[in-house]
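Here is the structure we will look at.
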Amino acid sequence: LNIIQAAAMSSAYPIIAVDLYENRLDLAKKMGATHTVKVGGHSNQLIGQDLTEILKDQSLDVFIDNTGGPDVIELGYEMVGPQGRVVCVGVPKYDEDICIHSLDLHFGKSITGSYGGETDPHEDIPRYMRLFEEKRLELKSLITKTVRLSDINEAISEMRSGEISGRCLIDLTDS
């Protein structure tokens with residue numbers, strides 16, 4: 001959701017959010033997604049067709065994967081253009097590898113991982129605070145549920161099932 005906000009702030013278009021749950025896609029739209037794709041039981045081939053329909057046969061400039069699924073990363077690599085970038089936020093399991101045609105890497109296509117958002121807290125936190133104070137960065141809408149620490153297991157279950165669409169805040173004062 002923060003990646004979507006950042007893309008919207010930089011005037012990216014289209015900003016396509018893909019998720020399993022409609023409520024998460026609704027929140028993604030509020031954060032700046034211009035298009036959404038609900039995957040449900042879709043195969044990557046069908047998701048690729050959905051994306052191609054949105055793109056009208058253009059390629060993506062950037063594909064950001066939050067799943068860590070090798071098949072999703074491979075799809076992103078196929079969908080970006082010759083100078084496109086695939087950014088892996090999600091991390092594949094240790095024994096899972098991706099399979100790509102590497103020739104394109106020699107001509108400008110890139111694939112990279114993201115480590116903790118690559119932030120410099122000394123510079124970035126004050127910048128984020130300014131964006132928040134100027135109402136350009138929306139954080140409050142991201143928190144869609146608050147729970148007591150004693151209810152954390154229930155909250156984790158609700159996040160995994162899609163019942164919680166955004167972020168869950170743990171209230172340590174009410175434990």
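Taken together, the values in this text are just the output of simple stated rules run on the coordinates, not laboratory data. Please read these numbers as outputs of a predicted model, since none were measured by experiment. Counting neighbours? That spans all protein chains shown, and the Cβs are built from the backbone with ideal geometry, glycine included.
Taking trypsin sites (Lys or Arg not before Pro) as exposed when DSSP calls them loop and at most 16 other C-beta atoms lie within 10 angstrom, the chain has its longest site-free stretch at 1-55. Between the helical axis of 44-55 and the longest alpha-carbon principal axis of the chain there is an angle of about 90 degrees. Note on the chain: dipole from Cβ charges, positive end direction compared against Y13, T173, L137; the farthest Cα belongs to L137. Principal-axis analysis of the Cα atoms of the chain puts helix 152-161 at an angle of about 30° to the longest axis. In summary, no aspartates and glutamates lie within cross-link reach of K135, defined as a Cα separation below 13 angstrom excluding same-chain residues under 8 places away.
Chymotrypsin sites (Phe, Trp or Tyr not before Pro) within the stretch 96-175: which are DSSP loop residues with at most 12 other Cβ atoms inside 10 Å? Here the sparse-neighbourhood loop sites are Y115. Cα centroid separation, the stretch 57-90 to the stretch 154-175: 29 Å.
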